Amino acid sequence: MAPKKRSSPGKTRLTISLSNTTLRKVDQAIDGQQLRNRSHAIESLLERSLKPQISTAVILAGGPATAPIGDRGRSTGPSPASTPKPLTVLDDKPLIIYTLEHLKRHQVTKVIIATGATGHQLQDAVGGGERLGLSIEYEYEAEPLGTAGALRSLKKRLTDQPFFVLAGDVLTTIDLTELAEFHFQYRGLVTMAVKPRVTQASYDNVYIQGNRVIDFQASTADQSVGIINAGVYVFEPAALELIPDKTPAMLEKDFFPQVSKQHRLLGYPFQGIWFDIGSESNYRQALARLHRDRRDRKKRAAGKTVK
């Protein structure tokens, strides 16, 4: 009698049949890192489908256009001087497409892009999201509202469920599903993704006690590494009621300090890709990381070892 195959501790071996279409989608999810093989991918996708999910996201893209960085504007054609940061081209596509594809991978179905005077360029490039399998809406501000003011203007459209908020000029591979799970587990009003980072004058340091954010301070010259706000959040709709009625209103100055004093702001540390592509230096680093990851994926697909 042939010995029975043993399953991993705490697991039961199953035999299932999947359509070829479903199997192709499973294979596309395998990245060789977080999802190593078909079995791992199927288990992970099933677990995620059974957990609370967030289906709506807001992308904050109302910042002013800046001078061109790298290939900004190459694929969309507008004057570089008036091109918004989310249209910065990284390798072969605009940053905002990377962001939208990432949201789609984490079960987001509806995206609201909060934008300003150059927002028509984003709408021309992305449209209503049909090509990406998303429903994309736009909120245009007549005057600069600031990051908090832009969210305040969406109160009537974000009334039912928690939602993601992402800065439009950030490239990241943060696991949004795990971020949502953290938020639901610890029940904060807002959860902020935070990341260790070499201190720069442009970043405020975030101070955490347990899983709560307790303070923000500007970076100082004698600090080599700090914990920074990564510009990715989960908001409860009730949080929008606490945004002050002023214009412009900024999350970092006018909202987060208030919520942290109430001990209702959570900090979610994560590892992974994170780049603010607002400078030439950061843009080049992000591009190099994308190229390296692409090479690594090709090596894994060919059965080679990645060092």
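Read-outs throughout are calculated quantities, based only on the coordinates presented, and are distinct from any laboratory measurement. The structure presented is a predicted model; accordingly, all values stated were derived computationally and were not measured. Note that each Cβ is placed from the backbone with ideal geometry, even for glycine, and that neighbours are counted across all protein chains shown.
A few points about this structure:
- Distances between placed amide hydrogens fall under 5 Å for GLU139 paired with ILE113, ALA114, THR115, all partners being 5 or more residues away or on another chain.
- Cα gyration tensor, region 252-307 - rounded (a/c under 1.5), prolate or oblate: oblate
- Taking label points 7 Å from Cα along the Cα-to-Cβ direction, HIS40 and HIS291 give a separation of 2.7 nm.
- Fraction of beta bridges assigned by DSSP in region 72-194 that are antiparallel (%, nearest 5): 25 percent
- The label-point distance for THR109 and GLU47, in a model that sets each label 7 Å from Cα toward Cβ, rounds to 2.4 nm.
- Note, ³J(HN,Hα) from phi for region 179-185, Karplus 6.51, -1.76, 1.60, rounded to Hz, x at Gly and Pro: 4, 5, 4, 4, 4, 5, 5
- Each Lys or Arg adds one and each Asp or Glu takes one away; over the other residues whose Cβ falls under 12 Å from the Cβ of GLY62, this sums to -3.
- Of LYS93/LYS298; LYS104/LYS246; LYS85/LYS155; LYS195/LYS299, pairs whose Cα-Cα distance is over 27 Å: LYS104/LYS246; LYS195/LYS299
- Segment GLN209-GLN185, extension gain: residue separation times 0.36 nm, minus the distance between their alpha carbons: 7.0 nm
- Taking 0.36 nm per residue of separation and subtracting the Cα-Cα distance, full extension of the segment from LYS155 to GLU252 would add 33.0 nm.
- Estimated FRET transfer efficiency (LEU18, GLU101; beta-carbon r; R0 25 Å; 0.05): 0.60
- Cut-off under 5 Å, modelled amide H: who pairs with ASN229 long-range: ASP204, VAL206
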